[in-house]
Amino acid sequence: MDPTTAPAFSRSEPVENQGPQGVKTVLGRKPRDLALEQIDAVTWKVTDGTKTKTWSGTKAGDYLTAKGVAYIVNIGGGDWIIRIKNTRSRVMSLRQAKRYVFEALRGQRPLIEMADPMREMLLLEAAHISRNEPDEVGIEPSLIRFIHEIERSA
């Protein structure tokens, strides 16, 4: 590459910038610091008001949206769960989930650790379908593997 056209990258980088860059969630103690936003019919987002750039999916570029610190997800019927990073709650109603999520974010409620969040979410939904709609076939293992491979490559 021609040094005159190459972008100017620093060869040395501070030690604190090396290694995994995990997201740190710091929440205030006041209820007004957190807000619920409905994303669609099956997803609610809890945000602390911090804005982040999100790709619009077109050439138009980015747009600003509120960063989610937790999500309330419908797994079918009237059953909802809370997702915070790689943890989830037990299955509950939407009304309970809206109250539970704020308590969980402040460490007042227990959450279940997920080793493989995508797989576990799909299995939860499949279990819900087979339990509540016996005519429906659960998610096939090959489909779970396919979705899992796509998630890992993205």
> Just a yes or no: is a residue in region 99-106 among the basic types (Lys, Arg), in the same structural domain as ASP48 (by TED's automatic domain parsing), under 16 Å from THR43 (Cα atoms) and out of contact with any Asp or Glu (no Cβ under 7 Å at 6 or more places or on another chain)?
Replying inline: yes
> Looking only at residues in region 93-132 that are of a type in the set (A, V, I, L, M) and outside any helix (DSSP H, G or I), which one is surrounded by the most Cβ atoms within 10 Å (Cβ to Cβ)?
Replying inline: LEU111
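Tell me which strands (runs of 3 or more DSSP E) are completely within region 42-92 and hold 2 or more residues being modelled with pLDDT under 90, or say none if there are none. Walk me through it before giving the result.
On the way: elements: 43-55, 62-76, 79-84.
Here the list reads 43-55, 62-76.
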> Can you name every residue in region 47-82 that is touching a strand residue (DSSP E or B) at 6+ places or on another chain (Cβ under 9 Å), farther than 14 Å from ARG95 by Cα and β-branched (Val, Ile, Thr)?
Replying inline: THR47, THR50, THR52, THR54, THR65, VAL69, ILE75
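The values are calculated or read from the model by the stated rules, or taken from the named source; none is laboratory data. The structure presented is a predicted model; accordingly, all values stated were derived computationally and were not measured. Please note: Cβ atoms are built from the backbone with ideal geometry, for glycine as well, and neighbour counts cover all protein chains shown.
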